[in-house]
1. Once both labels are modelled 7 Å past Cα along the beta-carbon direction, what's the F429-W378 spacing in nm?
2. Which of the listed residues, L49, Y337, H254, is farthest toward the dipole's positive end in the chain, when Lys, Arg count +1 and Asp, Glu count -1 at the beta-carbon?
3. Given Cβ point charges of +1 (Lys, Arg) and -1 (Asp, Glu) and nothing else, what value in debye, to the nearest 20, does the dipole of region 140-209 about its Cα centre take?
4. What do you get for the angle between helix 346-356 and the principal long axis of the chain? Use alpha-carbon atoms, 0 to 90 degrees, nearest ten.
5. Do any trypsin sites (Lys or Arg not before Pro) in region 84-179 lie in a loop, going by DSSP, with at most 16 other beta-carbon atoms within 10 Å of their beta carbon, and if so which?
6. Quick one: of the DSSP bridges fully inside the chain, what percent are antiparallel, nearest 5?
7. Considering the options L188, S200, Q430, tell which one lies farthest towards the positive end of the dipole of the chain, charges being +1 on Lys and Arg and -1 on Asp and Glu at the Cβ, about the Cα centre.
8. Tell me the angle of helix 95-113 to the major Cα principal axis of the chain, expressed in degrees between 0 and 90 and rounded to the nearest ten.
Amino acid sequence: MKPARSKPLGAGHAARSSPIDDVPRTAQRKRGRPVARERYARSMTPVVLLGGLNVVRALGLAGIPVIIASSKRRLASMASRYCSGVIELPPIAERDAVVETLVQEGKRLAKRVGARAPLFYDNDDRLSLVQDYRAALAPHYALLLNEPGLADALVEKSRFQALAERTGLPVPRRFDWETLAGAAGPVLAKPKSRTAWDHSSVRRQLFGGAGKACIFASGREARAQIEARAGELADQLSFQEYVPGGDDAIWSFHGFAAPGGEVLEWFVGRKIRTWPALTGDSSYLALARDERLVALGRDIARRLRLAGVFKMDFKRSASNDRYYLLEINTRFNLWHYLGACSGVNLPKVAYDFLTKEHRPLHVEARTEHRWLCLHYDWRAYRELSARGELGLAGWLRSIAHFPMVYDLFSWSDPLPFVRHWLGAIRSAFQRRMHRWLATAS
């Protein structure tokens, strides 16, 4: 059960770190506190980020200092030139302790810079934390959240489907578990919620540990396979009519809205490849232009009265050329790095609105850059190659002729790449040594 929105914080959880007080570095080390590698001007309010490298770089390109708050201690993003400090959090599952640490650091930051720092977040777990504890966090951080009922409906996908149907949004037809077997055409099964997704039973048992959904040839096949694999998980799934089309039929409308749903700035994205295909994580992305989608996205934001940053995912049907709304996420994401490199920096728009109430003039995003996660895109190529749909030369050509921004590597910010691979090599060596010692003994 979710905590109440005004849930009191538990006592006795001291803040575990501060990157921003003026204690000398040697003293900080003695006290076990993390050290901010860079200082920022007291006149510049930093962002506290519950998130990763792509958002760090988007903010960094705008000259906005970033303090990363995480329970992990050696993230690649913490090696970025744009990381101005680190807040060590308790494990995310210890929600009261996490929030109390954030509250104490928010107070410290406000005392230092004379203003509340914006608090940004980049996945459903972190978004849910901020939404559920908004009463405790809002006095100490600059936030722009949707009203609680809408906010919950956008995180819980089954509730979103009901909301979309009530408001007449163009969503695919829904099926209940009881009527699923009567669906004659292809069916998409997806989780009702993706909080704690990495370790969820649905992802592991039904989706094979990869991807965000599963496609079945019919409702009857979906029901039979789910019952055979893990029938007890059926109540954690939602089902809808599958919209035909490949990865390149998945479009997105990204924006930032003022309270009431007025979209202040935006860009349009289009997927090129995902892994696994059709239902997986983004591996190769581009920005695009489509005035029909812009008009639709702005209308949806107005009708729902969205507030803050958002991403609407659509699929353009190969059968009727209509756009179908798949979901709306109200958090920061990896697309924002590509947008920042293309002239539309939504994290900066959010920062300026929260700290200065500044409303930008719209700028049309450039479309020549691409975003690439080589780790996933190599797997996407292998999957397509196994089906005879893409050869090695074709894959190389597809990524060779465009200015590229990468999920991890950057010539101007190389240390996250170095830290990631040093950590991977160290982990691999430790695993080999462990197996060798186990065999030797």
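1. For the pair F429/W378, the computed spacing is 2.0 nm.
2. The one lying farthest along the dipole's positive direction is L49.
3. Values: 10 positive and 7 negative charges, 46 e Å.
Its charge dipole is roughly 220 debye.
4. 50
5. When the trypsin sites (Lys or Arg not before Pro) of region 84-179 are filtered for loop state and at most 16 Cβ neighbours within 10 Å, R173 remain.
6. 70
7. Working it through, the farthest residue towards the positive pole turns out to be Q430.
8. The helix 95-113 is inclined about 50 degrees to the chain.
Values quoted throughout were computed directly from the atomic coordinates according to the rules given, and no laboratory measurement underlies them. From a predicted model like this one, the values you see are computed outputs, not experimental measurements. Every residue, glycine as well, gets a Cβ built from its backbone with ideal geometry; the counts of neighbours run over all protein chains shown.
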